[in-house]
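Participant: Dropping the structure in here first, questions after.
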Amino acid sequence: MTGRILVAGIGNVFFGDDGFGVEVAGLLARREWPAGVDVSDFGIRGYDLAFALLDGYRSAILLDATARGEAPGTLYVIDPELDTLPGPAVPDGHGLDFAGVLQLVGRLAAEGAAPSATEPAWIRIVGCEPDPRSLDADEPGLSAAVRAVLDDAVRLVEDIVRERMREERSRSDA
């Protein structure tokens, strides 16, 4: 393995389907992973995630509820266009979504937050369309539509990690 991979769950379990990333990270954490692959639940700790991303990871997969207008439970793999993120605003520590985290990572790396701080060269977001009604629910927990795709999300992340590891090996062999 030539580069470390971080798989990071993001979200708030008290806001229905916003807990998707946390739930998937929990399921993935129970699996055995090769050396260099770390799975962690960051929940709503966006600043912790930003600093973790600067800690020598070559690749990162962020897991989050992602509203894009499709049917609840739809899974997405998003290749964020890091160059198009908004400029260096001061992010809100209580509301960091993946775009805010990535914006903060870029800012911290540019400002030299740590001598060895570098952004991951490769980032993907595995998102799931939330049921909007679950986000307003009085009780925590995932909607039936999102709960039904958890195993699919786990397999999707496993496939992405395997593919990324193959790409890294090919790069190091070249």
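Participant: Within region 28-64, count every residue that is over 11 Å from the mean Cα position of the chain (by Cα), under 21 Å from Val146 (Cα atoms) and touching a residue at least 12 places away in the same chain (Cβ under 8 Å).
Facilitator: Count: 4.
Participant: Among (1) open to solvent by 70 Å² or more (accessible area, probe 1.4 Å); (2) at pLDDT 80 or above; (3) of a type outside the set (S, T, N, Q), which single condition is His94 missing?
Facilitator: (2)
Participant: Filter region 1-39 down to the residues that are at pLDDT 90 or above and basic (Lys, Arg), then identify the one that is farthest from Ser59 (Cα to Cα).
Facilitator: Ranking the qualifying residues of region 1-39, first place goes to Arg30.
Participant: Restricted to region 36-64, and to residues that are over 16 Å from Met165 (Cβ atoms) and of a type in the set (Asp, Glu), which residue is least open to solvent (accessible area, probe 1.4 Å)?
Facilitator: Going through region 36-64, the residues over 16 Å from Met165 (Cβ atoms) turn out to be 40-56, 62-64.
If we keep only those that are of a type in the set (Asp, Glu) as well, we get 41, 48, 55, 64.
Values: Asp41: 69, Asp48: 79, Asp55: 95, Asp64: 9 Å².
So, considering only residues that are over 16 Å from Met165 (Cβ atoms) and of a type in the set (Asp, Glu), the one least open to solvent (accessible area, probe 1.4 Å) is Asp64.
Participant: Give the residue, chosen from Ala89, Ala67, Ala71, that is open to solvent by 40 Å² or more (accessible area, probe 1.4 Å), modelled with pLDDT under 80, over 14 Å from the mean Cα position of the chain (by Cα) and not hydroxyl-bearing (Ser, Thr, Tyr).
Facilitator: Values: Ala67 fails: modelled with pLDDT under 80; Ala71 fails: modelled with pLDDT under 80.
Checking each option against the conditions leaves just Ala89.
Participant: Kindly indicate whether Ala174 is modelled with pLDDT under 65, surrounded by fewer than 16 Cβ atoms within 10 Å (Cβ to Cβ) and closer than 18 Å to Asp48 by Cα. Quick ask: steps written out before the conclusion?
Facilitator: Values: modelled with pLDDT under 65: yes; surrounded by fewer than 16 Cβ atoms within 10 Å (Cβ to Cβ): yes; closer than 18 Å to Asp48 by Cα: no.
Taking the combined requirement at face value, the residue does not satisfy it.
Participant: If you don't mind, there's one more thing I want to ask. Whether any residue in region 139-147 is modelled with pLDDT of 95 or more and of a type in the set (Lys, Arg) is what I want to check. Walk me through it before giving the result.
Facilitator: Kept after step one, since they are modelled with pLDDT of 95 or more, are these residues of region 139-147: 145-147.
Add one more test, that the residue is of a type in the set (Lys, Arg), and what stays is 147.
Yes, that holds for at least one residue.
Participant: OK, next. Please enumerate the residues belonging to region 147-166 that are without any contact (Cβ under 8 Å) to a residue 40 or more places away in the chain and either of a type in the set (Phe, Trp, Tyr) or farther than 25 Å from Gly16 by Cβ (or both).
Facilitator: Result: Asp159, Arg162, Glu163, Arg166.
Table: residues versus (1) at pLDDT below 95; (2) among the acidic types (Asp, Glu); (3) farther than 19 Å from Val77 by Cα; (4) assigned to a strand (DSSP E or B).
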| position | (1), (2), (3), (4) |
| --- | --- |
| Ile123 | yes, no, no, yes |
| Asp152 | no, yes, no, no |
| Val161 | no, no, no, no |
| Arg169 | yes, no, yes, no |
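The values are calculated or read from the model by the stated rules, or taken from the named source; none is laboratory data. These numbers were taken from a predicted model, which means no experiment stands behind them. Every residue, glycine among them, receives a Cβ derived from its backbone with ideal geometry; neighbour counts consider all protein chains shown. Surface accessibility is based on the protein's heavy atoms, side chains included, excluding ligands, DNA and RNA. Shrake-Rupley method; radii C 1.70, N 1.55, O 1.52, S 1.80 Å.
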